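Input: a single structure, listed below in structure tokens.
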Amino acid sequence: TVMAAPMTNDQSWFYALALGVSFLKCLLINAYHSTDFEVHRNWLALTHSLPVSQWYYEATSEWTLDYPPLFAWFEYGLSHIACFFDKEMLVVPNLNYASPATVLFQRLSVIVADVVFFYAVKEYYNGFLFGVLLLSIARHCQNRHFEGAFLFSVLLNLKHIYLYIAPAYGIYLLRCFCFTQSNADGSLQWRSFSVVRLVILGTIVLSTFAVSFGPFIALGQLPQVLSRLFPFKRGLCHAYWAPNIWALYNIADKAFSILGVKFRLLDINKLPKASMTGGLVQEFQHSVLPSVSPLATLVCTLLSILPALFKIWHRPNGARGFLRCLVICALGSFMFGWHVHEKAIMMAILPLSLLAVDSRKDAGIFLMLSVTSHYSLFPLLFTTQELPIKIFLMLLFTIFSLASLKTLFRKGGALLNPLEVTYLLGLIPLELICEFVYPLTVWQKTFPFLPLMLTSVYCALGVTYAFIRLYISLLTCSDTTKKTKMQ
Amino acid sequence: MENWSLFSLCVLLGLTSRWAVSFHSYSGAGKPPMFGDYEAQRHWQEVTYNLPVHEWYFNTTNNDLNYWGLDYPPLTAYHSLVCAYVAKLLNPEWVELHASRGYESHSHKLFMRATVLFTDILIYIPAVLLYCFYFCDGSSKQKVATALCILLYPGLILIDYGHFQYNSVSLGLALWGILGLGLGWDLFGSLAFTLALNYKQMELYHSLPFFCYLLGKCIKQGLIGRGFFQLAKISLTVLVTFALCWMPFLSDPKQPLQVLHRLFPFGRGLFEDKVANTWCSLNVLIKIKTLLSRETQLFLSFALTLLFILPSSLKLLSKPNLWQFKLALVNSSLAFFLFSFQVHEKSILLAAFMLPLLVKDGLLLPYVVTSLAFLFLSLYLLSALERSTEEELRLGLYRKLTRHWLPKLNLSRIIKWKFWFSLVAMAALSFTSVWLEPPAKFPDLFPVLVSILSFLHFLGFIIYFNLVQLMEPQRKKSQKKTN
């Protein structure tokens, strides 16, 4: 016959979905591109035209290189393909250069890189960096631990934001892999420690770092690279507050200062000007509550993830426990970190989505977190042209995940309790007010950042709630009776 | 998954792809002095807002008919008027008389695209959903699949959201008309279709089947008694609707005449540009445009159109059921497209053959993506190729014909091969049209090839569908309406 035998239902669904998403992305090539576009163009240019020793010193553009070296090498590789599209984009002084060919190239490279993502998703069940993360998780779940460790080291060297979840990896691998056996009740068997495995793991990780950082250590540039990677001068919060604890902290501080002035407990002249709601990225002092330093956030983050780490050390629960810990580490760092970008929430959502299909409770938490975080990303796309697209896509995703999870967990009642449903439905009036009603009022001129503040505070509530629920679920989950025997 | 969630996902996908296409360029973007269809629509808002009704269709100092004069029926004009009011609220510069000619800006583009989306959501999409829900056989999954395929139909998306037009209004209204007739609400159906007709005169292509179906139904109910009353009610509905739409133009006998003159420009010739119909293709071999006189051309086109419509219409008249009705719609529109006077290629609304037009508008990328996506989707969702056994393709008739000469033929296989071949030919033509330069002797080579290839396909389709309507008994499963 002319047609080959039809593919199995599941497989063909997956390919159809993958193709559909890619098609949509091709159509959206002309859509709004944020400053990230210029950031990457600049990095393409500087890796292409400058020698390696200059990469972390170059500062013509405000978007200096602040990802680890492996990502720089990745941009360098891409730049050779970029030559064929438009040579002009690779000239460093061409700031904000955005010819159609440039846009096309950037979007295409993203779409192609997504192929990695799709491959990773496929591997787990029978975007480029998440693909690597998922692949790494997949390998761990398939008990191919060396590969998993290697992929994670690669990832860490591509984007150091994954440092957030490194503790989970470290503890898990140490506990489950280097100690080859557990006792019958799941507790640690000290005698089963395997030095060989530790050494191999260590070698893999260290050699990856060596390949990535090597040239810069040889040039003696390590302090400069680190200072670019971890710019603590940037302020507690991003221009738009990520929906984490510090957003709530900021709003509480603001509320107290307003109340304090009203009840004459504070002198209005002594307070710093209300510039924290401004769109600038600088260091600020809080007015009423104590100011927060980078060290404080680090301590808070560590404290928040310590119980989870301890739990998987004490009673690891196989792959599922590892994933749960991963999510909590990511969320904890998001909640308490310094200068967190709201995009970072994606790091927590992706592993959570893997958990969601296996357990009802996780599915509920996943829905809460994913819808809230998607909504919190709305302010990133603020042009009128993108408005229908972001609303359509969000509705698409929400309905799809809700309907699929509902079908999956048909028996056993609703996935979300009434409080959660009310909260999520509350996003609709919030969107209407922030996007449609508020711009028409007088306050748009005097307090232009109020909608952003409202959005981030509202979402912060949802994210905090999900964090607490996840923690409770981790700490109270019963251990599996299966013995976790590692190869 | 539940029905409602599947249907809403379909709608959202359709809406997303529509808006995504709208990011791209439109007809005549940045091309003075005439620009394109986008400017025509904007100009109509300007004209209808600033000038009194009796001047809309006339050539005056304020209204130069040579610069995109109104050539659609009054409902389009009223629609433009409503849009103009909104435009005036947002930015009066968009509809300034004379001064706003060739106005182009990012916000204006957003506004125009938004008007298309709005009418689409209001009229076309609900009609499609209801149609798939009530008139598609098969499981709910199949209904949803059909809805998705219709909603993602590249032709309509590209023309309305890319090139820029409001076809979704007239097609949507016509679809409401079909829905009405299907549900047995004849009056509602006639009303809807009359409105569609008053929006774009192109809907005349569908008018004969509507007429024959309703007339046949009334005759069946007995011309003395119930049938007669039904006929009277329908006629009254149609006449009143027409009167209401044309009311501002009925004061002066010159008005409706002028409007008709604008609607049916017989002065313009047998065809313009490259259309995939008989006359254009014939012109390649015999220069009929210059050989025959205007009157002979008119007569020839009228005669051939009638010839190809008559069998289908008569069959429908004798057997007025839904199945015949749908087939007659297809046959009638194909016949008109192939043989009538002054046909525009948009009348076929088939994406694959609109290549020259779309490339001109800078819409190549959306065209490729949507066509590929649509093709892939139809293949996957409707399992088109798997279901093409002989029975499904109703090739029984062909079999009888060819059994005599070629007994060993496996017809379904031939059809499959022919399908892939057509696909490859279309892809190759698309590719060469974009990337290769035509030889100097034949600068129009590629558009002509495209239109001839399409014409051959359409000719094949009209013969096939006519045969199906006239010969085969009705099947349990009904075919999807394609027009």
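Points to keep in mind about this one:
- Against the conditions (1) closer than 30 Å to B:Glu2 by Cα; (2) among the aromatic types (Phe, Trp, Tyr); (3) exposed (fewer than 15 other Cβ atoms within 10 Å of the Cβ), B:Tyr124 satisfies every one except (3).
- The combined condition, being farther than 27 Å from B:Leu173 by Cβ, loosely packed, with under 12 Cβ neighbours inside 10 Å and modelled with pLDDT of 85 or more, is fulfilled by B:Leu307.
- Segment A:195-237, subset of a type in the set (Gly, Ala, Ser) and modelled with pLDDT of 75 or more, residue farthest from A:Ser136 (Cα to Cα): A:Gly220
- Checking B:Lys287, B:Lys326, B:Lys315, B:Lys319 one by one, the residue that is among the basic types (Lys, Arg) and surrounded by fewer than 13 Cβ atoms within 10 Å (Cβ to Cβ) is B:Lys287 and no other.
- From the options B:Leu322, B:Leu372, B:Leu363, B:Leu316, residue that is modelled with pLDDT of 55 or more, within 14 Å of another protein chain (Cβ to nearest Cβ) and in contact with a helix residue (DSSP H, G or I) (Cβ under 8 Å, 6 or more places away or on another chain): B:Leu372
- Exactly one residue out of A:Leu129, A:Leu90 is crowded, with 19+ Cβ neighbours inside 10 Å and modelled with pLDDT of 70 or more, and it is A:Leu90.
- In segment B:6-46, the residues that are in a helix (DSSP H, G or I), facing chain A (nearest Cβ under 10 Å) and of a type in the set (S, T, N, Q): B:Ser8, B:Thr16, B:Ser17, B:Ser22
- Residues in segment B:335-348 that are part of a helix (DSSP H, G or I), modelled with pLDDT of 75 or more and either within 15 Å of the chain's Cα centre (by Cα) or small (Gly, Ala, Ser) (or both): B:Ala335, B:Phe336, B:Phe337, B:Leu338.
- Residue among B:Gln230, B:Gln201 that is within 14 Å of B:Asp186 (Cβ to Cβ) and buried (at least 16 other Cβ atoms within 10 Å of the Cβ): B:Gln230
- Conditions (1) part of a helix (DSSP H, G or I); (2) farther than 27 Å from B:Ala147 by Cα; (3) of a type in the set (A, V, I, L, M, F, W, C); number of the one not met by B:Ala99: (1)
Here's the yes/no breakdown for (1) within 14 Å of another protein chain (Cβ to nearest Cβ); (2) more than 30 Å from A:Pro223 (Cα to Cα); (3) at pLDDT below 80:
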position	(1), (2), (3)
A:Phe23	yes, yes, yes
A:Ile29	yes, yes, yes
A:His33	yes, yes, yes
A:Glu62	no, no, yes
A:Trp73	no, no, no
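- Condition met for B:Glu93 (touching an Asp or Glu at 6+ places or on another chain (Cβ under 8 Å) and in a helix (DSSP H, G or I)): no
- Checked against the criterion of being surrounded by fewer than 21 Cβ atoms within 10 Å (Cβ to Cβ), over 19 Å from the mean Cα position of the chain (by Cα) and modelled with pLDDT of 85 or more, the candidates A:Phe409, A:Phe392 yield just one match: A:Phe392.
- Residue in segment B:89-103 that is within 14 Å of chain A (Cβ to nearest Cβ) and touching a Pro at 6+ places or on another chain (Cβ under 8 Å) present: no
Residues checked against (1) surrounded by fewer than 15 Cβ atoms within 10 Å (Cβ to Cβ); (2) within 22 Å of the chain's Cα centre (by Cα); (3) within 14 Å of chain B (Cβ to nearest Cβ):
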residue	(1), (2), (3)
A:Ile399	no, no, yes
A:Leu416	no, no, no
A:Leu424	no, yes, no
A:Leu440	yes, no, yes
A:Pro448	yes, no, no
A:Pro451	no, no, no
A:Tyr465	no, yes, no
A:Leu474	no, yes, no
A:Cys477	no, no, no
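- Among the residues making up segment A:372-387, those that are within 15 Å of the chain's Cα centre (by Cα), assigned to a helix (DSSP H, G or I) and not hydroxyl-bearing (Ser, Thr, Tyr) are A:His374, A:Leu380.
A quick yes/no check of all residues on (1) over 30 Å from B:Glu55 (Cα atoms); (2) outside any helix (DSSP H, G or I):
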{"site": "B:Lys88", "(1), (2)": "no, no"}
{"site": "B:Tyr103", "(1), (2)": "no, yes"}
{"site": "B:Tyr124", "(1), (2)": "yes, no"}
{"site": "B:Cys132", "(1), (2)": "yes, no"}
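- Filter result for B:Leu117 (on the phi < 0 side of the Ramachandran plot and within 14 Å of another protein chain (Cβ to nearest Cβ)): yes
The values are calculated or read from the model by the stated rules, or taken from the named source; none is laboratory data. Source: prediction; values computed, not measured. Heads up, the Cβs are rebuilt from the backbone with ideal geometry, glycines too, and the neighbour counts pull from every protein chain shown.
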